[in-house]
Amino acid sequence: MVMDPTHLPLQHPDYRYPESRNPYSQKIEKYRGVVFSNNETETLKGRWRAAVADGDSSPGRRLVVEIGCNAGHVIVEWAARDPGSAYVGLDWKFKPIFRAAEKAEKKGLKNILFFRAHADRIQHMFGPGEIDELCLYFPDPWAKKKQLKNRWLTAARLREVAPLLKMGGIFHIKTDHLGYFEWMEEAVKETSGLWEVLEHTRDLHAGNPRARELKMPEVTLFERLFIADGIKINSFRLKRIR
C-alpha cells in the first residue's frame, strides 16, 4: 500500500502539504513569485539567493533568513535598509505572510521573498552553506511539561541547521522565556563542536538606559512589549565552525 504523502511524517522528504481552506491561501496568489507556499518553498533549494533578485547570486550577496517572520515587521525593514543583501521571511501562517508581502510591495522591495511553510522542513528548503545568517526570534516556548516535545530549538535541530549555513555563518536566537533559554543552553552545550558562541546573555539590553526607546527593526514587535514590561531578553549568537 502506498502511503498518502500528506500523512507522511512532516520531515520526510516525500511529505506533501495538504490542501488548505484558509482564504489567505488563495489571496497570497497575488504575490506569486514573491511568496512561495507549501512544497513550492523546496523547489529552488540551493538557488534562493539568485531567485530573490533576478539571478544575482554574487558571492558578496548575503542571504538572511528569519524563521517566524510574522507579518514582516522586522525583515521588511532589514531588506529596505540593506538592498545589497537577499532576505527570506518564513512563517507558518497564511495571513501574516500575505501582510508581509503587502509591506514589501508598498516599499517597492526587490530583495525579499516570503515562505509560507513549516520550519520543520527547513532542511528541504535550503542547500548546504546557502544561508549567511539565520534568525529565530521569540519562538513559542511550549511551557507546559507535556508540550516540551514541541519546542523547535533542540540539539537535534542545531545539528540539522548547521550545514545550511555557510562556514562562519551566524544563527541569532532571542527569547523572553528563561525556561526555554535554559533548554537552549543545554542544546548549545551538546553541539559545541559545531558552533562558537559569540553572544550568550540572559539580559540583552542590560545597561542600555534607552532600551525602552528601541524601535523595529532593532527590536521585534514582541521585544518592544517585553522591554516595556521589564521582561529580560535572553539571546544567543552562534557562529558555525564545522
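Only one residue in Arg157, Arg116 is modelled with pLDDT of 95 or more, of a type in the set (Lys, Arg), more than 11 Å from Cys69 (Cα to Cα) and buried (at least 17 other Cβ atoms within 10 Å of the Cβ). Which one?
Going through Arg157, Arg116 in turn, just one is modelled with pLDDT of 95 or more, of a type in the set (Lys, Arg), more than 11 Å from Cys69 (Cα to Cα) and buried (at least 17 other Cβ atoms within 10 Å of the Cβ): Arg157.
Picking from Arg32, Arg61, which residue would you name as being basic (Lys, Arg) and modelled with pLDDT of 95 or more?
Exactly one of Arg32, Arg61 is basic (Lys, Arg) and modelled with pLDDT of 95 or more, namely Arg32.
Do we find a residue being crowded, with 18+ Cβ neighbours inside 10 Å, under 21 Å from Asn70 (Cβ atoms), of a type in the set (A, V, I, L, M, F, W, C) and at pLDDT 95 or above anywhere in region 175-192?
Within region 175-192, one or more residues are crowded, with 18+ Cβ neighbours inside 10 Å, under 21 Å from Asn70 (Cβ atoms), of a type in the set (A, V, I, L, M, F, W, C) and at pLDDT 95 or above.
For region 74-97, how many residues are under 21 Å from Arg21 (Cα atoms), surrounded by fewer than 21 Cβ atoms within 10 Å (Cβ to Cβ) and within 16 Å of the chain's Cα centre (by Cα)?
Total meeting the criteria: 4.
Looking only at residues that are hydroxyl-bearing (Ser, Thr, Tyr) and closer than 13 Å to Ala117 by Cβ in region 1-49, which one is surrounded by the fewest Cβ atoms within 10 Å (Cβ to Cβ)?
Thr43
What is the one condition in (1) touching a residue at least 24 places away in the same chain (Cβ under 8 Å); (2) farther than 30 Å from Thr43 by Cβ that Lys215 does not satisfy?
Unmet for Lys215, out of (1) touching a residue at least 24 places away in the same chain (Cβ under 8 Å); (2) farther than 30 Å from Thr43 by Cβ: (1).
Rundown of residues vs (1) in contact with a helix residue (DSSP H, G or I) (Cβ under 7 Å, 6 or more places away or on another chain); (2) among the acidic types (Asp, Glu); (3) part of a helix (DSSP H, G or I), yes/no style:
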| site | (1), (2), (3) |
| --- | --- |
| Ala143 | yes, no, no |
| Glu160 | yes, yes, yes |
| Ile173 | yes, no, no |
| His200 | no, no, no |
| Phe222 | no, no, yes |
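Just a yes or no: is a residue in region 150-169 in contact with a Phe, Trp or Tyr (Cβ under 6 Å, 6 or more places away or on another chain) and farther than 19 Å from Ile233 by Cβ?
Yes: region 150-169 contains one or more residues that are in contact with a Phe, Trp or Tyr (Cβ under 6 Å, 6 or more places away or on another chain) and farther than 19 Å from Ile233 by Cβ.
Identify, from the list Gly230, Gly207, the residue that is part of a loop (DSSP other than H, G, I, E, B), out of contact with any Pro (no Cβ under 8 Å at 6 or more places or on another chain) and at pLDDT below 95.
Answer to the selection: Gly207.
Given region 1-97, what strands (runs of 3 or more DSSP E) lie entirely inside it while holding 2 or more residues that are of a type in the set (A, V, I, L, M) and under 24 Å from Leu158 (Cα atoms)?
Because the criterion is at least 2 residues that are of a type in the set (A, V, I, L, M) and under 24 Å from Leu158 (Cα atoms), the strands (runs of 3 or more DSSP E) in region 1-97 that meet it are 63-67, 86-91.
On the basis of being over 19 Å from the mean Cα position of the chain (by Cα) and among the polar types (S, T, N, Q), does Thr6 make the cut?
The answer is yes for Thr6.
The values are calculated or read from the model by the stated rules, or taken from the named source; none is laboratory data. Quick caveat, the model's predicted, so the values are computed rather than measured. As a convention, Cβ positions derive from the backbone with ideal geometry for all residues, glycine included, and neighbour counts pool all protein chains shown.
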